[in-house]
Amino acid sequence: MTIRKEQEYLLQQANLRLLKRGAIDRREFLTRTVAAGLGLAGVAAVARGGGIGTAFAQDRPLTPTFYQWIEDLHPGIPTVNGEFPGINYQIAPVEGFGIERFVAEAKDQKSTWDVYVGQTPFVEMSAMAAAGVIEPWDDYIPKDVRDDIIESIGEENLIDGKMYGWPFLLDVIGTGWHSGITEQAGLPDEAPATWDVYLERAKAVVDSGAAPFGATFDSHGWRSLVPFTHSMNPDVYKNHLFDFTSDAAIEALMLMKKIMAYANPDILLEGATDGGVNGTPDEVAFAAQRVGYYNKYFNAPLRMAQNWDEPSQLHLGPLPKFANGAGSTVFWTTGSALFKYGQNKEKAAEYIQALTYDRQIWKDSIVGTPSGHPGQLPPYKSIYAEWDANPPDWMPPFVSLVRAQLENAKAIENDIFGLQQFVIGKPIWETYLKGEESDPKVAMQKVMEAVQAEINRGK
């Protein structure tokens, strides 16, 4: 009898350890307990602590981690943290933070953190899901919250119908212009409706002497090629990868070269910070008030105009479209990933809901703060409805513009190569932009071949 009880105890403890590590879920724990004839004694012991999940959450407090730039953008985060006593709030370390660490920890069925705020769906979400690092939010996000997410944003965060990202911040690529420059050039104070009109106005800026450059864009990776493509046709994905050889993509590449005739000559150079991604030549030119029209995600011209003598001369509008084009653009979100082996999943969901619905968070995000730039917007229908019904006195006009773009904008589709395909392709399609390759179709075919070769190496 004593031996039997010892065996029961050891088996019970083994199952508890598996549950604690996340190797089995609560349902599996109950199944194993009953199947082994252990009764519900073990379950009761855990339940007395307030439920299985809650009991183990006591071993470690809720532990979220954020990128520094997100904290800088939101001085109100400590107020939200105050709603969660004992929270172990962390900033992601500069070194050793990334998918490699997440995968290594997951192999040992553990995670340093419960939730990671900073995930971009097409950048890393597919890879983390495939590696078993994160799990869907579906079992933890309340249905009313799920239903409140703008439809296109909800779709962006799905993999095989499961929501692996809980969206937080969003941005959209559109058009900004310096109204002082365009007025001097004799141009109307409105966004160009088509790319043909856009090019005509860019030329007029240069010809009039209103500014040395008529237009500029961010040439880094996907940032112009994809939205320009979407403005003609957003249905350019095959097996979730961008079709560089599509007519729309080739037209977009040709458009980039046409704009370059009126742009700052350093437009193809890498940026000054963050591995060339930020501090790009387009930002420098627009911040220096040397260019009329500018295409990038909206927070970029908003940031650049803060350096102007008259920031109110920044005007914003949608992305132009090709004649008879779809008129779409690109949006994306930065959101939260739920670590598979985190210890506080229910509490993590409560925390992300509190964070993403906090009104001070959104005022800071939209208007900007001394530590963060303006221009990031919420993903929820109800918040926009609230603002429409009773507009806050601090609300800038670009909010309604960005919201309207989400009706026809499309996210880059999720794939393990979602970002990498553009990293591989950029130096190849730039041979056309630099004049080294005369045929854009040839350049884009080489891009497709290079991406496929890298995919094949990974099989």
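Quick note: the coordinates plus some simple rules give every number you see, no bench work behind them. Treat the numbers as computed from the prediction; the structure is a model and nothing was measured. Note that each Cβ is placed from the backbone with ideal geometry, even for glycine, and that neighbours are counted across all protein chains shown.
For the range 310-459, the gyration tensor built on C-alpha atoms gives an oblate shape. Its axis ratio a/c (a ≥ b ≥ c) is at least 1.5, and a/b is not larger than b/c. For the chain, the dipole from Cβ point charges (+1 on Lys and Arg, -1 on Asp and Glu) about the Cα centre works out to 1580 debye, to the nearest 20. Basic side chains Lys and Arg get +1 at the Cβ, acidic Asp and Glu get -1 at the Cβ, and with that the dipole of the range 237-320 about its Cα centre reaches some 140 debye. What you get for the range 254-395, charging only the Cβ of Lys and Arg (+1) and of Asp and Glu (-1), is a dipole of about 480 debye around the Cα centre. Treating the angle as unsigned and between 0 and 90°, give the value, to the nearest 10°, between the Cα long axis of helix 2-21 and the longest Cα principal axis of the chain. Taking Cα atoms only, the helix is inclined about 10 degrees. Counting only residues at least eight positions apart within a chain, or on another chain, the aspartates and glutamates with an alpha carbon under 13 Å from that of residue 434 are 266. Below 9 angstrom from the Cβ of residue 421, what's the summed charge of the other residues (Lys, Arg +1; Asp, Glu -1)? For residues surrounding residue 421, the net value is -2. Between the range 207-228 and the range 155-175, what's the alpha-carbon centroid distance in Å? A separation of 26 Å, based on Cα centres. With respect to the chain, whose longest principal axis is taken over its alpha-carbon atoms, helix 222-232 is tilted by about 70°. Other residues lying with their Cβ under 13 Å from the Cβ of residue 75 contribute a combined charge of -3, Lys and Arg counting +1, Asp and Glu -1.
Ranked by how many other Cβ atoms sit within 10 Å of their own Cβ, fewest first, the residues 163, 395 fall in the order 395, 163. Within the same chain, lysines fewer than 8 places from residue 345 are excluded, and of the rest, those with a Cα less than 23 Å from its Cα are 20, 107, 110, 143, 162. Listing 71, 386 from fewest to most neighbouring C-beta atoms within 10 Å gives 386, 71.
Helix 195-208 axis versus longest C-alpha principal axis of the chain: approximately 50°, rounded to the nearest ten. Our note on the geometry: Cα centres of the range 236-297 and the range 360-435, 17 Å apart. The calculated FRET efficiency for residue 197 paired with residue 100, based on their beta-carbon distance and R0 = 60 Å, is about 0.80. Look at (i) 33.1, 93; (ii) 22.7, 72; (iii) 25.2, 98: the one that is Rg and Dmax of the Cα atoms in Å derived from this structure is (iii). When we measure straight from the Cα of residue 410, which lysines land under 18 angstrom away, once same-chain ones fewer than 8 places off are left out? Straight-line reach from residue 410, under 18 Å: 238, 296, 321, 381.
Taking amide H positions as modeled 1.01 Å from N, with prolines and chain starts lacking one, the residues under 5 Å from residue 296 and 5 or more places away or on another chain are 174, 176.
Close amide-amide hydrogen proximity is noted between residue 171 and 332, each under 5 Å apart and 5 or more residues distant or on a separate chain (H modeled in the peptide plane; Pro and chain starts excluded).
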